[in-house]
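Participant: Before anything else, here's the structure in question.
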Amino acid sequence: MTLLCERCYGPIDPDREDFFRLAHISHADRYGDVVWNDATVHTAPSCPALVHSGGAGQRRRAA
């Protein structure tokens, strides 16, 4: 399965990159079963969407 970062939309290589796997409740059906939305994101140092090109270590919010 290919993992995509929800911040930068880049691929995540689980063997070589640090990442978080997140789960959010989407909804519950009438029988009480919960449907989950799963997401993956790079950790801050490895996500290009969080680091300014001109300032090392500075972070900004992804669009």
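Participant: So which trypsin sites (Lys or Arg not before Pro) in the range 12-47 are both in a DSSP loop and have at most 15 other Cβ atoms within 10 Å of their Cβ? Walk me through the numbers on the way to the answer.
Facilitator: On the way: sites: Arg16, Arg21, Arg30; in loops: Arg16, Arg30.
Here the sparse-neighbourhood loop sites are Arg16, Arg30.
Participant: Could you please rank His42, His24, placing first whichever residue has the fewest other Cβ atoms within 10 Å of its Cβ? Display every interim value, and only then the final one.
Facilitator: Details: His42 21, His24 8.
By the 10 Å Cβ count, ascending: His24, His42.
Readers should treat all values here as calculations from the given coordinates under stated rules, not as data from a laboratory. All figures in this text were calculated on a predicted structure; none of them were measured in a lab. Note: ideal-geometry Cβ built from the backbone for every residue, glycine included; neighbour counts use all protein chains shown.
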